[in-house]
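Since the structure comes first, as C-alpha cells, the remarks are kept for the end.
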Amino acid sequence: MRKKYVLGNWKMNHGVNEIKEYFDNFTYESNSAYVGVCPQTLHLEMAENLSGPNIKIGAQNCAYENSGAFTGEASPVALKELGVDFTLVGHSERRQFFGETNESCLKRIEKAHENKLLTVYCIGESLEEFEAGKTLDVLTEQLKTGLFPILDKVLGNIVIAYEPVWAIGTGKTATVEIITEVSAGIRKILGTHSEPATGISLLYGGSVKPANSEEIAGIADVDGVLVGGASLKVEDFEGIAKAF
Ligand code: PGA
C-alpha cells in the first residue's frame with residue numbers, strides 16, 4: 001500500500017511567533033497520512049523543540065555535499081541534527097530562480113538519502129510546455145535525469161510531487177482530468193525504470209485548497225498533496241489534511 005502525504009511548503013513566509021502560534025493551534029492528528037510542513041531554513045531549529053503536534057518537519061532544499069565551501073546551502077548533516085525529517089528537492093521556484101537542474105537534483109536526493117532524510121522530488125512543466133503538449137516529455141526528462149540513476153538506491157525513501165508550474169500560486173488548479181491523466185502517465189514512466197518504482201507515492205501540488213482537496217484525494221494515482229499558500233493557515237491546512 002502506498003503511503004499518503006499532506007505537506008505544506010511555507011516558502012519564505014512566517015516568522016518565529018507565527019510558527020509558535022501555528023504549532024500551538026495545530027491539533028490535527030492523522031492516522032492515515034504523513035503530515036508535514038517546510039518552514040524556512042532559518043526556522044528549522046524549531047523542529048527540535050516540537051512537542052505535541054503530530055507533524056513532521058521538512059526543509060525546502062538540501063545541499064548535495066555534507067560540508068565544505070558551499071555558501072548559502074543547508075547541509076543534510078545539519079538538517080538531520082536539527083531533527084528534520086524530510087526535504088523538498090527541485091521545487092520549481094528553485095529551478096526557475098536559482099538555476100536548479102535535474103543533474104543537481106540528483107546529487108541532492110542522493111545526499112539527503114545518505115543522511116536518512118526522505119526526499120520529495122518536485123517535477124512539473126511550464127505553461128508553455130503544457131500548451132505545446134509536452135508535459136509527459138518534460139516529466140520523463142526530469143525523472144530520467146534527476147532520479148533514475150540513483151532510484152534503486154533511494155527507493156523507499158523518495159516521494160514524487162507533480163506540480164505544474166502554471167498552477168503554483170496562481171489560483172489555477174489543474175483539473176481532475178489533467179491530474180488523473182498526468183499522474184497515470186508518471187506511473188507509466190516509473191514503470192520504465194522498474195516494477196517497484198511504480199509503488200512510489202505521488203503527490204499533486206498547485207493551488208490546492210480545502211475546497212478542492214477532496215476531489216484531488218479521489219484520484220487513484222495521487223497519494224497526497226504539496227500545498228503552498230493554503231498551508232500557511234492552520235485551519236486551511238488541517239482542512240486539506242482531513243481529505244486524506
Ligand atoms: P501553491 O504552491 O499551493 O501556493 O500553489 C504549491 C507549491 O509551490 O508547492
By my count, strands (runs of 3 or more DSSP E) wholly in segment 25-98 with at least 3 residues that are closer than 27 Å to Ser126 by Cα are 33-38, 86-89
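Scan segment 156-168 for residues that are more than 16 Å from the ligand (Cβ to nearest atom) and either small (Gly, Ala, Ser) or touching a helix residue (DSSP H, G or I) at 6+ places or on another chain (Cβ under 6 Å) (or both) and report the count.
From segment 156-168, those more than 16 Å from the ligand (Cβ to nearest atom) are 156-158; that's our starting set.
Of the ones still in play, those that are also either small (Gly, Ala, Ser) or touching a helix residue (DSSP H, G or I) at 6+ places or on another chain (Cβ under 6 Å) (or both) are 156-157.
The total comes to 2.
Looking at this structure, is Asp236 part of a helix (DSSP H, G or I), open to solvent by 40 Å² or more (accessible area, probe 1.4 Å) and within 13 Å of the ligand (Cβ to nearest atom)? Talk me through it step by step, then tell me what you get.
On the way: part of a helix (DSSP H, G or I): yes; open to solvent by 40 Å² or more (accessible area, probe 1.4 Å): yes; within 13 Å of the ligand (Cβ to nearest atom): yes.
So Asp236 fits the description; yes.
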Selection over segment 6-50 where residues are basic (Lys, Arg) and away from the ligand (no atom under 16 Å from the Cβ) yields a count of 1
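If I ask for residues that are of a type in the set (Phe, Trp, Tyr) and at pLDDT below 95, which ones from segment 1-45 would you list? Break it down into steps so the answer makes sense when it comes.
Of segment 1-45, the ones of a type in the set (Phe, Trp, Tyr) are 5, 10, 22-23, 26, 28, 34.
Tyr22, Phe23, Phe26, Tyr28, Tyr34 - these are the residues of segment 1-45 that are of a type in the set (Phe, Trp, Tyr) and at pLDDT below 95.
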On the given criteria, is Leu203 crowded, with 21+ Cβ neighbours inside 10 Å and either more than 12 Å from the ligand (Cβ to nearest atom) or touching a residue at least 12 places away in the same chain (Cβ under 8 Å) (or both)?
-> yes
The residue from Met12, Met1, Met46 that alone is more than 25 Å from Asp236 (Cβ to Cβ), surrounded by fewer than 20 Cβ atoms within 10 Å (Cβ to Cβ), among the aliphatic types (A, V, I, L, M) and out of contact with any Asp or Glu (no Cβ under 8 Å at 6 or more places or on another chain) is Met1
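Tell me, yes or no, whether segment 152-168 has at least one residue that is under 24 Å from Ser231 (Cβ atoms), of a type in the set (S, T, N, Q) and modelled with pLDDT of 95 or more. Outline the logic, then answer.
Pass one, segment 152-168, residues under 24 Å from Ser231 (Cβ atoms): 157-168.
Filter once more, keeping what is of a type in the set (S, T, N, Q): 157.
Next, from what is left, pick out any that are modelled with pLDDT of 95 or more: 157.
Scanning segment 152-168 turns up at least one residue that is under 24 Å from Ser231 (Cβ atoms), of a type in the set (S, T, N, Q) and modelled with pLDDT of 95 or more.
Out of curiosity, is Ala211 more than 11 Å from the ligand (Cβ to nearest atom), over 18 Å from the mean Cα position of the chain (by Cα), within 25 Å of Glu29 (Cα to Cα) and outside any helix (DSSP H, G or I)?
Values: more than 11 Å from the ligand (Cβ to nearest atom): yes; over 18 Å from the mean Cα position of the chain (by Cα): yes; within 25 Å of Glu29 (Cα to Cα): yes; outside any helix (DSSP H, G or I): no.
No: the conditions fail for Ala211.
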Being closer than 21 Å to Asp223 by Cβ and either open to solvent by less than 30 Å² (accessible area, probe 1.4 Å) or not in a helix (DSSP H, G or I) (or both) narrows Ile178, Ile160 down to just Ile160
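Would you confirm, using the coordinates I've provided, whether Gly224 is more than 11 Å from the ligand (Cβ to nearest atom), crowded, with 24+ Cβ neighbours inside 10 Å and modelled with pLDDT of 95 or more? Outline the logic, then answer.
On the way: more than 11 Å from the ligand (Cβ to nearest atom): yes; crowded, with 24+ Cβ neighbours inside 10 Å: yes; modelled with pLDDT of 95 or more: yes.
For Gly224, the condition - more than 11 Å from the ligand (Cβ to nearest atom), crowded, with 24+ Cβ neighbours inside 10 Å and modelled with pLDDT of 95 or more - is met.
The values are calculated or read from the model by the stated rules, or taken from the named source; none is laboratory data. None of the values given here were measured: they were computed from a predicted structure. As a convention, Cβ positions derive from the backbone with ideal geometry for all residues, glycine included, and neighbour counts pool all protein chains shown. We work out accessible area using only protein heavy atoms, side chains counted, and drop any ligands, DNA or RNA first. Shrake-Rupley method; radii C 1.70, N 1.55, O 1.52, S 1.80 Å.
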